[in-house]
Each structure stands twice: as structure tokens, then as C-alpha cells.
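First up is the structure itself, then whatever we jot down about it.
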């Protein structure tokens, strides 16, 4: 059952409203007030000069992914496939390879994240058993000129 | 007959049945590492301890026979505590590297820890004993001694099944580890079974190593196409690709095992596939659609029949085709095209290894089927050698080849024969010298993309099942043959292999009395038996 709420509308505008001039003056006074107060008090301006200036992101903000490294610079990732398994957007592609060091044994020769599909849910970070993937870069703007550039590969993810 | 009461469920068993077998029959899973139904009993892992009423101590269920009116419980606190304790000991030196272990997802240790363990480790990490990791022990096996629970299933397999006895336990106590003797790697052809029977990740397959996580894999029932033994297998597939094959128990054929050679035959479903129908125009091969392909085939067959008579056409069937496909090929040749020249490529011996356990000399899955279906020339027709000779002399004007092989010719020879024929049609799933040289190539489905039956060398008719739709633009052979037949004027209405089988069971004496729906998962013996 659809309920219809009836709203009363003003039947006729008053004389001052019909003239408009007074209302224009009222509106302009608000604008001019803000202009003068900002001019005298620039520190209180609520806007920022984005993108030159960016707001600090909260500590638990989920930004662009990165892969963490071991002390020797190798990726911590062991290609266990937990993140592509949990990923609801199916955006992670990993190919595992045999590492020459038997203590590492398995490592990713390919680790792609398709940023066009990623929904930034953070489940990959939760699923990772070795703390290899993090979303703590605080980076949320990642425009590129082509779709291919938005599929991040392992070098890109390891670079910071 | 002794009667056992297991967790309140009663079961009568024949004398000589162990408690663990009775449990399996009742659907009560008693945890186990060393027990394997097809190996001798060792009783070393102590995971299957159960409480038997009237017996003071807990007894291993795998090594205790059911006695008259035995009352057994697997769910008492004492049993749970004992199992948990055994598990804790087994995990003391375990590296817990599940993220990089291929076994994770199908590992007994993981399952039992979740089911019975769930304790906090009391053993300091630094005290763990480290053993050999990532050791190539020969065959298709990589050894990781740290993950081993010393159940000795592998040792018993090598002693009792292959008789080669390459693995043994070295060292004592906590330092015991499984290994090969110095410089004596695994040298049998059944090594992959070790990866199957290993309950943990100590022995894993090189071929499957790091390829795909097991929880992605879906399972389908099939028949190994590696040789004429026709081992029953599970095919594990994911994303339109086959990743591995595992043996499926069939007491009449392969028991619980299969050979390494057959196990790697799955690659034919993934690699070197013919993707689209194509036609050779001059030197260039042009991709065409299926309608155009059938139109061309029909036209060419008609032309040759008009100009040279049906005797100038020859058909070579493949022992890799199913019974239904062979039957339809025969019908197409004799009844629709009307040529007496029909042959099949006999046993292709690429690797002439064979043994008494499973590997057959004949490396094709259905040559017995081709023999029983009497795939061969009619009166006055040419046999395989005759067809090949006539083709070389240019007497065969149109050659239809099923599959990738032409007798025992090598690539060069096969290519020359096909090139010598004016027009040739190849229906095959994989690229080969034949498909490279043929005028018209029709891509067919691999063994996981179609269903049907194979007849193994012992005359057992066994079904293999379709797991996914044909990849690329391939089509099932039955569909290709039936469409071709219809275009050539036959009144066939075969919708699937079941309809062809019914027809075959009616007209072929070897298959008389068989029913496609009744053959079942373990196959039926054909030939009136």
C-alpha cells in the first residue's frame, strides 16, 4: 500500500518576494559576509587546496595495497592463495613459483591486483597468514590513462 | 558372525574384520594415519585408539579384530584425551607451514587438529628439530621430512605393491626421518601414488607442486586414457583446465592405484588444442565457422563420390574415440558415405613399457572397442596399410582421419600421406602432424569435455563423464559425426552418446544386453558375460 503525504504549498508569493530584489540582497549579504570573514581570517577556511593538500587519513583507513618485504628484500608473500580465495571481487591473481632457498620454498612469480575490480573490503589483509599484504599506504587516488595500467603487478605493489 | 556395537550402532561382520573397517562401513570415522585399507596393518600411529568394554586399556581400532558381542566406543573422554595427546606428539616437530604446503586442504593433520586438537602448543618453537626439506627423491615425488608423521604408508606401498622398497626410516626417536638410500632414487612407475597415500604433506607431487590450491578443484569421474588397462580415475579440474588425476577405486580394474604415465595423460586436455574449425586454402589456413565447415565437407564428399566413386574415399578411425564415436564413424563410412575403406590405427606404442601391475603395452584406451566393433574394411575395401599406400599413390581422393595418429607413422610420414591426398578432413582435439597438413580441421572435445564409454583390454565397458563444456569452439565428436551424417542425407537423430549407445547395444553383438544407464561407475563386462 502506497501512502501519499500531502504537502501544503504557499498559494501566493508576497509582494517582497515577487519583487526579488530584496531576496537577492539577502543572499548576497551571506556570500559577502563569508568572503570578508575568510579574507580577514584565512586560517578558518574549512576547505583545503585539494589535490595539492590532502587530509590526513585515519590509521585504519583502507587504501591502496602494498606487499611487504623480508629483511633481504624478497616479498614476504608465500603464494598460499588465501587472499584470492577470500577476495569477493576476484581481483587477485597469483602464480606460485619454486624459490631456490628451501626455507622460503614458495613465492609469487606473479601477483596482480585488478584495481578496477577491487572493492577495498580489506579481507585479503585479514586472510594473510604472513602479513604480506597491507592496505596501509593511505593512498586512495589512483587514476590512470588506460585500464591495463590499473592492473597492478608485483613490482608496483612491492615498490613502497 | 561376530557382532559389534560401535557408538550404539550394531553391525554384523565376517570374522577377521577390524574395528576401523566396521566403523567405515557404519559411517563412523575413526581417525587414522598409518591405516590404509589396501596396505598391511602397522598400528604405529596410535590415532585410532578406541575404548572396548571389558578391556582396561585403549586398543588401536586398525589392529583389533571384531569379536563376538564387542561393544566399542569412540566418543568417551578417555579416547578423546588419548587422540589429542597422540596428535600433540605428532605435531611436536611439525613445521606448520600450511600456507606453502600443497597438502593443505586435504591434510589429515589439519582436519584432525580442528576436530580433536585445538590446544595451544606447549613446545617452544626454537626447540623444534629441523629435517630435510624440498628433497627430490626421484620419480614425481618431493620429500619434506619435517612434515612427516612416520606412518610408513609409503614404505609399505613400495614393499607390498611395487616391490621396490626404496624408502626407509633413518635415525632414532625424534630424529627419525623418512628418506631414500644414498643415491638410490625412486625407480618405479607408480610414485605418484605415494603423494596420494601420504596423509600429510611429506610426499607431494612435482607435477602438481604449487600449481593449484586443492580447495579450488572440482572432482569428476573418468577413465584414464593413457593405456588399454582403463584405470578408473577422478579428474580434478578448475577454470576449464584439468590439474591432476587421482585413482578411483575399482576392484575389477585398477584397485586403488594408477601409474605415473597415465596420470600425466591429462595434459592432452589442456595443451596443443585445436581451437577453431579451419580450412587450408592454398598455403594459408583460414578459420571458418562450423556451418561453413560442414558445408565444405558435404560438398567435397559429394564431388569425390560423383567423380571417382565412393571407393576413392577412406576413413581412418581412432582407438582414442569412445565406443559410441567408433560406432558412428563406422556407420558414417559404410552406410552414409558408402565406402568400404575403413581402418583404425592399432595400438600406438610411443613408450613400449609395460608391466604386470597396471601398465599395458597398448597405449590407447579403446582399441579393444575398435576390434569388437569390427572397425575394418568391408568386402573389397582397403585396410590401414592399404589405405596409406593408396593415399601415397594418390588413389585416395578424400581421407577422413579421426584423432591425431596415422598408424605408427612418425610426424613426417603422416604429414606426407595426408598431403598426398587431394582433400582430407581431420576430426581431433589436439594439434598434430595430421592436423597441420589436412585441408579441413574440425576441433573435437577432449575426454573431460564429452561423455561416453571405453572398452578396456579385458573387455570391460566403462563410462567416462563430461565435466565441462568443450573449450574454445570445439564440439563433441558425436555431435560432429551426427551433423556430418545428417548433411550427407542420413536420417539420424542422435542427440547424445546415450542414444548412440542404445542403438549400438541393439545392433552390435559384443555390446548386446548392456544399458548405458546401468553400466554404472565401475563399468560392466561386455561380450555376453
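Bear in mind that the values in this text are calculations on the coordinates, not laboratory data. If you're wondering where the values come from, they're calculated on a predicted model, not measured in any experiment. With ideal geometry, Cβ positions are generated from the backbone for all residues, glycine too; neighbour counts draw on all protein chains shown.
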Residue order, fewest to most beta carbons within 10 Å, for B:315, A:30, B:132: A:30, B:132, B:315
Bridge type composition, chain B - antiparallel percent by DSSP, nearest 5: 70
Report Rg(Cα)/(2.2 N^0.38 Å) for region B:1-97, keeping two decimals. 1.09
Taking each pair of distinct Cα atoms in region A:1-59 once, what is the resulting Kirkwood hydrodynamic radius in Å? 16.5
Return the ratio Rg/(2.2 N^0.38 Å) for region A:1-117, where Rg is computed over Cα atoms only. 2.22
Quick check: convex hull over the Cα atoms of region B:330-472, volume per residue in Å³, rounded to an integer? 130
For residue B:499 and residue B:68, FRET efficiency with R0 = 51 Å and r from the beta-carbon atoms, rounded to 0.05? 0.40
CD proxy at 222 nm, helix term only [per DSSP H run n ≥ 4: -39500 (n - 2.57); per residue of chain B; nearest 500]: -6500 deg cm²/dmol
Take every DSSP beta bridge whose two residues both sit in the protein assembly as shown, then give the antiparallel share in percent to the nearest 5. 75
Cα centroids of region B:496-529 and region B:151-219: how far apart, whole angstrom? 39
Contact order relative to length for region A:56-160, counting C-alpha pairs under 8 Å separated by 6 or more residues, stands in percent at 38
I want to make sure I understand the PRE zone here: with the label point 7 angstrom from the Cα of residue B:44 toward its beta carbon, which residues in region B:155-180 have backbone N atoms less than 15 Å away? B:155-160, B:165-180
For region B:220-270 and region B:75-137, what is the separation of their Cα centres, given in Å? 31
Can you tell me the length gained on complete extension of the stretch residue B:174 to residue B:515, counting 0.36 nm per residue apart and subtracting the Cα distance? 117.1 nm
So for A:145, B:305, fewest C-beta neighbours within 10 Å to most, what's the order? A:145, B:305
State the Cα centre-to-centre distance between region A:45-102 and region B:310-386 in whole Å. 57
All alpha-carbon distances of chain B, grouped into 10 Å bins from 0, give the whole-percent distribution 4, 17, 23, 21, 15, 11, 7, 3, 0, 0
Value of Rg to Rh for region B:213-347 (Rh from inverse mean 1/r over Cα pairs, i.e. Kirkwood): 1.08
Inter-label distance, nm, simple model (7 Å from Cα along the C-beta direction), residue B:111/residue A:69: 4.2
Diffusion coefficient, µm² s⁻¹, Stokes-Einstein with Kirkwood Rh over alpha-carbon pairs of region A:58-160 at 20 °C and 1.002 mPa s: 153
Contact order relative to length of region B:380-484, as percent, for alpha carbon pairs under 8 angstrom and 6 or more apart: 19
Given labels modelled 7 Å from the Cα in the Cβ direction, how far is it in nm from residue B:9 to residue B:411? 5.6
Residue order, fewest to most surrounding Cβ atoms within 10 angstrom, among B:434, B:114, B:92: B:114, B:92, B:434
How high is the relative contact order of chain B? Use alpha-carbon pairs under 8 Å, at least six apart in sequence, and give a whole percent. 10
Overall Cα dimensions of region B:45-190, principal axis frame, Å, largest first: 51, 39, 30
So what's Rg/Rh here for region A:36-99, counting alpha carbon atoms and using the Kirkwood radius for Rh? 1.28
Under the 0.36 nm per residue contour assumption, what length would be gained going from the current alpha-carbon distance of residue B:306 and residue B:249 to full extension? 15.2 nm
Taking chain A as the reference, fit the longest principal axis to its C-alpha atoms, fit the long axis of helix A:21-40 to the helix C-alpha atoms, and give the angle between the two in degrees, 0 to 90, nearest 10. 50
Given only helices, namely DSSP H runs of n ≥ 4 each adding -39500 (n - 2.57), what is the per-residue ellipticity at 222 nm of chain A, to the nearest 500 deg cm²/dmol? -6500 deg cm²/dmol
So the angle from the long Cα axis of helix B:411-420 to the longest Cα principal axis of chain B, reported in degrees to the nearest 10, equals 30
Ratio to report: Rg/Rh of the protein assembly as shown, with Cα atoms as the point set and Rh obtained by the Kirkwood method; give two decimals. 1.12
DSSP beta bridges in region B:109-268, what fraction antiparallel, as a percent rounded to 5? 95
